[in-house]
Amino acid sequence: MSEMYNHHTVEKKWQKVWDDEKPFSASEDYSKPKYYALVEFPYPSGQGLHVGHPRPYTALDIVSRKRRMQGYNVLFPMGWDAFGLPTENYAIKNKIHPAVVTKNNVERFKDQLHSLGYSFDWDREVNTTDPEYYKWTQWIFLKLFKEGLAYKKEMPINWCTSCKVGLANEEVVDGKCERCGSPVVRKVKSEWMLKITEYADKLIDGLNDVDYIERVKTQQKNWIGRSEGAEVDFKIKDLEETLTVYTTRPDTLFGATYMVISPEHPLIDKYKDKINNFDAIVEYREMAARKSDFERTELAKDKTGVVLDGITAINPVNEEEIPIWISDYVLMSYGTGAIMAVPAHDSRDYEFAKKFNLPIIQVVDGPEGAVNLEEEAFTEVSTGNMINSGFLNGLSVEEGKEKIKDFLEEKKIGHRKVNYKLRDWVFSRQRYWGEPIPIIHCEKCGYVPVDESELPLMLPEVESYMPTDNGESPLAAMDSWVNVKCPCCGGDAKRETDTMPQWAGSSWYFLRYIDPKNTEALASKEALKYWLPVDWYNGGMEHTTLHLLYSRFWHKFLYDQGVVPTSEPYQKRTSHGMILGEDGQKMSKSRGNVINPDDIVRDYGADTLRTYEMFIGAFDLAASWSEKGVKGCRRFLERVWKLQDILVDEEGYSKENETLVHKTIKKVSSDFENLKFNTAIAAMMELVNAFYKVKKVTRGEYETLITLLNPVAPHITEELYSILGHDSRVYSLSWPEYDEKKTVDDTIEIALQVNGKTKGTLEIAKDEAKDSVLSKAKEALGAKINGTIVKEIYVPGRIVNIVVKPN
RNA sequence: GCACCAGUGGCGGAAUUGGCAGACGCAACGGACUCAAAAUCCGUCGAGAGCAAUCUCAUGUGGGUUCAAGUCCCACCUGGUGCACCA
């Protein structure tokens, strides 16, 4: 009888071996084929590793281990995205330096990852808070600045009236400050911005060249939201002034019955003495300032607004005088901050017009019954034809759009314009725990970059990490740090005191892994050329529109600068689903449904946890935790362990199970590539069941199983391989091969149907001819074919369907 | 409100992409082993009818396409994730 399976001793033993032998370090031998597998590096929070983390890590650990067995030089690195708000808040509360907090958290995370047996290349660990790392983050920023892609702009921030600090969106709960519960308002502040919009088209087009799951591509495209429309100038009556709007529906210009401008629109202050109800306007604007853009959305059904009394506009195509309203459903941050409202053909304008009794003029006609302007706007464009629109009458919507655009350009009252939903990236944070922005502001010379030779611009020690009373970063209180000489003119100047957002360090970390200790460049050209692009990048769906897009933007910029050799950073992108609590809810302390991975490792072992997380369900969907499921996986590993008791000392595969072994190799190999880890494990369970069924497993069969299972459960499989008498390691073996011919059984069972209803089954030879199958099928069905045969269908190896018409 | 995704036994989930719905696991039930329990092993296991062979109904709801639909189309309901009312 075999010894008991003790996961404690087995896992400790092999983790020690891997630490000593370092079999998972990427090689610098650039003649070998490479494979770069990447998982999103974690934010080392104070809570330690969550059971959600091992899901993507195990998945790509499996891929990496398999690739090594297939002869690739694999880079599978890990690091820390360690700047950020929670660490800073913890530091403020407990009066500990955020760097100390970070160090402790990183140590804890690292121990936990180690206990799970991942094959990370720890020699290449990076940390975004390390000055040797953020030196290069600052270097990239300076490049962006020098290319005109970083600029300053007045932007509204969330402002807590009581704490007197700027807040992240996350810290605003129900319009109130998360810490003190006071109301949060929008306060305008000058912020650093990055012109990601300049790369909008490149970011869309680049998606054609990469292998991302469709969901990710769709979401990125929708987020960038390219639209082709027109800007149109409306004259303001009796004033030398025009109001420019952006519209995707210039064809409906004849139906514009009023205009709406954003409450923040500059026109309002410019002509405040012409506005008779300025008090009401100001009041409305203050109310709007209390809402975030998102809250404005939530109130979509109940439109609010105030008309500008004293100022009206002229519709340029028909010279009609129309009123101008302000409403918070129009945002200053999209288009021009002003719209022409066409209530007949836009649902938001329709709701607004209904509420305030504004005229609704139909200018597009649809098919019989499709248009009911008593109930709703008619927004369909593919079937409509222009009416009530002067020279556009009779045209289709598409033709109307082109003709009116030509008209606008001819008369110089507008022009074609491409717009994007995507907005420029707000890059300033009024925080301590981030990369200092390496810019000096001089009264005479403006914004002057810090010289590259002075990088890294180190984060100075401060006494308090709290932002200052006027909303500046705590760095602003450090006079000795802030006051410098202008690098340009030598006069008195001040350093920028805002820091970068957490997204900065994570936008390029995969480049640093390639050459993490390089002091001359962010990575050597040679190494970049060999390792890029990342072959497979897996991460959370929640990062699709921010992190993933930001890092593609930076990479494309670096490509244009000649720093990196590929235009796209990641060749393949996949996403994993969340792990929910046993109750099907998101795990959270307040719900009390949090599972600590340490407990599972202690009680069941890392191999069991890894197996379970892969078996839990479809990789890209959310799945609920189940302790019972964990036990089932432990039982499976024990059954694998105890196969020792029915081992027969024969090389090769037994007659009984040869086909199944080949089938299993085939299935596991392809499932591992296609994120179908759950069915790969199910296939291995079936194989183990088959061995017990015949009460024997040959040495050849056992070793194949051990090799297939190794990427999922690396410790137990190494131990079993060594028990089988080998001095070598499973990780040094080649990935098992299968023979396609041997994956098919000699006889196949197919289904017999009459009119699509299954009536029985039939055993046929694997290559039996169609005629023979059909005649056997008809014979077997006999009287169940109760009528005249109309049609006979045979899907090879699957099904026979006899279509019958009753007599 | 907008975008994306999902809905299959008591439960987690399979289904080679239009071809025998329910693989694999969990739970439950019956049996073996045991003084007993746990563990382990062997069996049964969508619902309903029938002694039976079999038959009928079943993939959120309602329609449709097809020889054949969990899978494709239309409308709706419910849940999840993200969000910046995108004109």
Excluding ligands, DNA and RNA, the carbon-plus-sulfur percentage of the accessible area of segment A:382-506 with a 1.4 Å probe reads 48 percent
Taking Cα atoms, how many degrees apart are the long axis of helix A:770-781 and the longest axis of chain A, rounded to 10 and kept between 0 and 90?
-> 80 degrees
Mean Cβ-within-10 Å packing, highest first, puts peptides A:737-744, A:342-349, A:708-715 in the order A:708-715, A:342-349, A:737-744
Quick one: angle between helix A:347-356 and the longest Cα principal axis of chain A, in degrees between 0 and 90, rounded to 10, please.
-> 40 degrees
For an R0 of 56 angstrom, estimate the FRET efficiency from the Cβ-Cβ distance between residue A:187 and residue A:626 and round to the nearest 0.05.
-> 0.75
For chain A, dividing by residue count, accessible area per residue (probe 1.4 Å) in Å² works out to 45 Å²
Between residue A:304 and residue A:594, what is the label-to-label distance in nm when each label sits 7 Å out along the Cα-to-Cβ direction?
-> 3.8 nm
Which of the lysines could a cross-linker span from residue A:355 if the Cα-Cα distance has to be under 24 Å and same-chain partners fewer than 8 positions apart are dropped?
-> A:291, A:301, A:303
Put +1 on the Cβ of each Lys and Arg and -1 on the Cβ of each Asp and Glu in segment A:737-787; which of A:744, A:765, A:780 then has its Cα farthest toward the positive end of the dipole?
-> A:780
Under 1.5 on a/c is rounded, so check that first for segment A:626-742, then, if it is not, pick prolate when a/b is larger than b/c and oblate when it is not; a ≥ b ≥ c are the square roots of the alpha carbon gyration tensor eigenvalues.
-> rounded
Taking the alpha-carbon centroid of each part, what is the distance from segment A:384-402 to segment A:448-520 in angstrom?
-> 56 Å
Sites residue A:582 and residue A:409, calculated FRET efficiency, Cβ-Cβ separation with R0 60 Å, nearest 0.05 = 0.45
So how do A:89-97, A:606-614, A:796-804 stack up, highest first, on mean other-Cβ count within 10 Å?
-> A:606-614, A:796-804, A:89-97
Antiparallel DSSP bridges in chain A: what percent, to the nearest 5?
-> 75 percent
First select every other residue whose beta carbon is under 14 angstrom from the beta carbon of residue A:670; then total the charges, Lys and Arg +1, Asp and Glu -1.
-> +1
Return the carbon/sulfur percentage of the accessible area of segment A:607-742, one whole number, probe 1.4 Å, all protein chains in place.
-> 48 percent
Mean-position separation - Cα centroids, segment A:98-123 and segment A:755-801, in angstrom | 61 Å
If unit charges are put on Cβ atoms (+1 for Lys and Arg, -1 for Asp and Glu) and the dipole of chain A is taken about its Cα centre, the option from A:371, A:670, A:804 lying farthest towards the positive end turns out to be A:804
From the cross-link list A:16/A:696; A:32/A:667; A:16/A:110; A:13/A:676; A:32/A:525, which pairs have alpha carbons spaced over 23 Å apart?
-> A:16/A:696; A:32/A:667; A:13/A:676
By its C-alpha gyration tensor, with a ≥ b ≥ c as the square roots of the eigenvalues, how is chain A shaped: rounded for a/c under 1.5, else prolate for a/b larger than b/c, else oblate?
-> oblate
With point charges of +1 on the Cβ of Lys and Arg and -1 on the Cβ of Asp and Glu, referenced to the Cα centre of chain A, which listed residue (A:70, A:25, A:714) lies farthest in the positive direction of the dipole?
-> A:714
Considering only Cα-Cα distances, which of the following residue pairs are longer than 18 Å: A:757/A:791; A:757/A:778; A:135/A:485?
-> A:135/A:485
Gain on full stretching of the segment that runs from residue A:114 to residue A:331 - 0.36 nm per residue minus C-alpha separation = 73.2 nm
Output the pairs from A:235/A:272; A:628/A:693; A:655/A:695; A:187/A:274 with a Cα-Cα distance over 19 Å in this structure; if there are none, say none.
-> A:628/A:693; A:187/A:274
Accessible surface of segment A:1-93 [probe 1.4 Å, protein heavy atoms]: carbon and sulfur percent | 54 percent
Cα-based shape type of segment A:407-564, given that a ≥ b ≥ c are square roots of the gyration tensor eigenvalues and the cut on a/c is 1.5 = oblate
For A:549-559, A:779-789, ranked highest to lowest by mean beta-carbon neighbours within 10 Å, the order is A:549-559, A:779-789
Compute the acute angle (0 to 90°) between the alpha-carbon long axis of helix A:54-69 and the principal axis of greatest extent of the alpha-carbon atoms of chain A; round to the nearest 10°.
-> 60 degrees
Provide the FRET efficiency to the nearest 0.05 for the residue A:211-residue A:29 pair, computing r from the beta carbons and using R0 = 22 Å.
-> 0.25
Can you give me the P(r) profile for segment A:96-213? Cα pairs, bins 10 angstrom wide beginning at 0, each as a whole percent.
-> 10, 19, 28, 33, 10
Modelled label-to-label distance, residue A:107 and residue A:95, 7 Å Cα→beta-carbon offset: nm?
-> 2.2 nm
Would you work out the charge dipole size for segment A:1-100 about its Cα centre, treating the Cβ of every Lys and Arg as +1 and the Cβ of every Asp and Glu as -1, and quote it to the nearest 20 debye?
-> 140 debye
Size of electric dipole in segment A:218-348: Cβ of Lys, Arg +1 and of Asp, Glu -1, about Cα centre, debye, nearest 20 = 460 debye
Computed for chain A: size of charge dipole around the Cα centre, +1 on C-beta of each Lys and Arg, -1 on C-beta of each Asp and Glu, debye to nearest 20, value 1360 debye
Determine the calculated [θ] at 222 nm for chain A from helices alone, applying -39500 (n - 2.57) to every DSSP H run no shorter than 4 residues and normalising by the residue count; nearest 500 deg cm²/dmol.
-> -10000 deg cm²/dmol
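The values are calculated or read from the model by the stated rules, or taken from the named source; none is laboratory data. As the structure is a prediction and not an experimental result, all values here were calculated from the model. Backbone-built Cβ (ideal geometry, glycine too); neighbour counts: all protein chains shown. Ligands, DNA and RNA are stripped out before the accessible areas are found, and what is left, the full protein with its side chains, is counted by its heavy atoms. Shrake-Rupley method; radii C 1.70, N 1.55, O 1.52, S 1.80 Å.
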